[in-house]
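The values are calculated or read from the model by the stated rules, or taken from the named source; none is laboratory data. None of these values were measured; they are calculated from a predicted model. Positions of Cβ are backbone-derived with ideal geometry, glycine not excepted, and every protein chain shown enters the neighbour counts.
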Amino acid sequence: MKTILITNDDGIESDGLKRLVCAAKKHGQIWVVAPAKQCSALSHSITIRHSLEIHPYDFPEEGVQAFTCSGTPGDCVRVGSLAVMPRRPDVVLSGINYGYNMATDIQYSATAGAAFEAEFQGYPAIALSEGACDCHEVTDRYLDEILEELIGEPYIEGRIINVNFPGCPLSECKGVLRDRKVSRLAYYKDHYNVVKKLPDGGVEVMIEGVHVPVKEEGTDYGAILEGFVSIGYVGNIV
């Protein structure tokens, strides 16, 4: 039986994490080490100048060993596999993230960052994300078979597997596309709005992203825009 470490960046109470744990249970013994709070867009950051707090967590799924970590998703993978679990995981799953991790935005993703950290440690890693909406029909339909397909893939140095489920109704999903490359386009075009002028002449600003739907053939972004589940390999630093 495989030993599976699961983390995410939306925090231990995320619905996506719970659904992933439930689906992954049939594939092995589950250990969860997840952030105590929301950690989106922290990329591959880790904590090096402060201690980390690890606390047992009563996870709502029988037989699951679960812990919260005060650090980042990258920290969760490191401390989970090196200090919490009794042995190295056979595979690391990160997700299911609320919102896509694809195109150039993937470089900011802490969901992907946790998977990249797993690859650094020598573990096969799969990042999973879905549309930022309440429609999980496509994820619910394909999650089991995609885990069945991918969870046994061998470790290959320098890569993670990245899966994105479209947030459309199942009736609009066209199936699964594999071997999608990462689009060079941006999912969002960002700008900053001034929200407050400060007494010293400075300003307080807030980021705002505008969705730019541009299809690019053969890519993760193109697959999602066309209503497909996207599966692809993403390179890590080697």
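Per-residue answers, yes or no, for (1) modelled with pLDDT under 95; (2) on the phi > 0 side of the Ramachandran plot:
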{"site": "GLU148", "(1), (2)": "no, no"}
{"site": "GLY175", "(1), (2)": "no, yes"}
{"site": "ASP220", "(1), (2)": "no, no"}
{"site": "GLY235", "(1), (2)": "yes, no"}
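If you take just the strands (runs of 3 or more DSSP E) that sit entirely in the stretch 101-220, which of them hold at least 1 residues that are under 18 Å from the mean Cα position of the chain (by Cα) and within 29 Å of LEU82 (Cα to Cα)?
Ranges flagged: 125-130, 159-165.
Considering only residues that are touching a helix residue (DSSP H, G or I) at 6+ places or on another chain (Cβ under 7 Å) and either surrounded by fewer than 16 Cβ atoms within 10 Å (Cβ to Cβ) or under 17 Å from PRO89 (Cβ atoms) (or both), which ones fall in the stretch 124-152?
ALA125, ILE126, ALA127, LEU128, ARG141, ASP144, LEU147, ILE151
Just one of GLY122, GLY113 is without any contact (Cβ under 8 Å) to a residue 40 or more places away in the chain and within 28 Å of VAL79 (Cα to Cα); which is it?
Exactly one of GLY122, GLY113 is without any contact (Cβ under 8 Å) to a residue 40 or more places away in the chain and within 28 Å of VAL79 (Cα to Cα), namely GLY122.
For ARG78, all conditions in the list (1) over 25 Å from ARG159 (Cβ atoms); (2) crowded, with 19+ Cβ neighbours inside 10 Å; (3) among the basic types (Lys, Arg) hold save one; what is the number of the exception?
Failed condition: (1).
Across the stretch 29-42, what is the number of residues that are in contact with a Gly (Cβ under 6 Å, 6 or more places away or on another chain) and surrounded by fewer than 19 Cβ atoms within 10 Å (Cβ to Cβ)?
2
Mind checking which residues of the stretch 14-28 are crowded, with 17+ Cβ neighbours inside 10 Å and outside any helix (DSSP H, G or I)?
Scanning the stretch 14-28 gives a single hit, SER14.
Would the stretch 43-59 turn up any residue that is at pLDDT below 95 and either closer than 21 Å to ILE161 by Cβ or buried (at least 23 other Cβ atoms within 10 Å of the Cβ) (or both)?
yes
Within the stretch 209-218, does at least one residue satisfy the condition of being among the aliphatic types (A, V, I, L, M), in contact with a His (Cβ under 9 Å, 6 or more places away or on another chain) and either more than 20 Å from LEU20 (Cβ to Cβ) or modelled with pLDDT of 95 or more (or both)?
Within the stretch 209-218, one or more residues are among the aliphatic types (A, V, I, L, M), in contact with a His (Cβ under 9 Å, 6 or more places away or on another chain) and either more than 20 Å from LEU20 (Cβ to Cβ) or modelled with pLDDT of 95 or more (or both).
Cβ-Cβ below 8 Å, separation at least six or inter-chain, first residue in the stretch 1-12 and closer than 20 Å to TYR98 by Cβ and in contact (Cβ under 8 Å) with a residue 12 or more places away in the chain, second polar (S, T, N, Q) and assigned to a strand (DSSP E or B): which pairs?
As it stands, the answer is ILE6/SER94; THR7/SER94; ASN8/SER94; ASN8/ASN97; ASP9/SER94; ASP9/ASN97; ASP10/ASN97; ILE12/THR68, since those pairs meet every condition given.
Just for the stretch 29-72: of the residues that are of a type in the set (Gly, Ala, Ser) and not in a loop (DSSP other than H, G, I, E, B), which one is nearest to VAL84 (Cα to Cα)? It would help to see each step written out before you state the result.
Taking the stretch 29-72 first, the residues of a type in the set (Gly, Ala, Ser) are 34, 36, 40-41, 43, 45, 51, 63, 66, 70-71.
Okay, now just the ones that are also not in a loop (DSSP other than H, G, I, E, B), so 34, 66.
Details: ALA34: 12, ALA66: 10 Å.
Among those residues, the one meeting the criterion is ALA66.
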